[in-house]
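Everything on this sheet refers to the single structure shown next.
The values are calculated or read from the model by the stated rules, or taken from the named source; none is laboratory data. Small disclaimer: the values here were computed from a predicted structure and weren't measured. Note: ideal-geometry Cβ built from the backbone for every residue, glycine included; neighbour counts use all protein chains shown. These area figures cover heavy atoms from the full protein model, side chains too; ligands, DNA and RNA do not enter into them. Shrake-Rupley method; radii C 1.70, N 1.55, O 1.52, S 1.80 Å.
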Amino acid sequence: MSVNTCSSYAVTAVPAAGNADALAHFAARLAFETDVSDVAADLAAGATDIVVVDSRSRESWDQGHVRGAVHLPTALIAARARSVVPAGVTVVTYCWGPGCNGATRAALEFARLGHPVKEMLGGFEYWAREGFPVETDAGVSRRPVDALTAPVSGIACAC
């Protein structure tokens, strides 16, 4: 079989990486990132080996946050992480959403302190859009599932 080395199509204009490079790349991404569905499933199952950290401001936290998360703004991580995050657990950071790099900044701070850490893709935006529990001082609520982010049936996408 011949390999097309020159393509007029956008997707194949730059050939896909070789298998070894693809394996390394995608395995590395999964080592650094998780998604809201996996975090929600682990929290619902009572996982004790993760701590979910909301790195946003107090005002943002008050507006709504992941049920069970810890509020620790990025600027306070170095000073307060030891009192908030048990040793050896994996920290999962999140911020507003995919257009915000606050979770990345927070993950970097936890990595500097030696914590195993992953960033939750989609952030609070996708947590709420997928209909997972949102907590405020008024209690816990759920938004309707956005059909563009998850199956409205409530059954996982099984991806």
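Please build a GNM for the chain, connecting alpha carbons under 10 Å apart, and tell me which residue among Asp137, Asp54, Asp38 fluctuates the most.
Evaluated over the chain, the most mobile residue of the options is Asp137.
If you place +1 on the Cβ of every Lys and Arg and -1 on the Cβ of every Asp and Glu, how big does the dipole about the Cα centre of region 25-159 come out, in debye to the nearest 20? Can you show the working numbers first?
On the way: 12 positive and 15 negative charges, 57 e Å.
Using Cβ point charges on Lys, Arg, Asp and Glu, region 25-159 gives about 280 debye.
When only Cα pairs under 8 Å and 6 or more residues apart are kept, what is the percent relative contact order across the chain? Mind dumping the intermediate values first?
Details: 231 pairs, mean separation 33.6, N = 159.
About 21 percent, as a whole number.
Using bins 10 angstrom wide from zero, how does P(r) for the chain break down, in % of all Cα pairs?
10, 34, 30, 16, 8, 2, 0
With a 1.4 Å probe and all protein chains kept in place, how much accessible area does Thr12 have, in Å² rounded to the nearest 10?
Its accessible surface works out to 70 Å², give or take rounding.
Averaging sequence separations of C-alpha pairs under 8 Å and six or more residues apart, then dividing by the length of region 6-73, give the relative contact order as a whole percent.
22 percent
Rounded, prolate or oblate: which fits region 113-156, taking a ≥ b ≥ c as square roots of the Cα gyration tensor eigenvalues, rounded meaning a/c under 1.5, else prolate when a/b beats b/c?
Working: a/c = 2.88, a/b = 1.42, b/c = 2.03.
Note, shape of region 113-156 comes out oblate.
Name the residue from Pro86, Phe26, Leu43 whose Cα lies farthest towards the positive end of the charge dipole of region 1-91, charges +1 on Cβ of Lys and Arg and -1 on Cβ of Asp and Glu.
Checking the options against the dipole of region 1-91, the answer is Pro86.
Give the peptides 111-117, 23-29, 130-136 in descending order of average Cβ contacts within 10 Å, highest first.
On the way: 111-117: 15.1, 23-29: 10.4, 130-136: 17.9.
My ranking of the peptides, most packed first, is 130-136, 111-117, 23-29.
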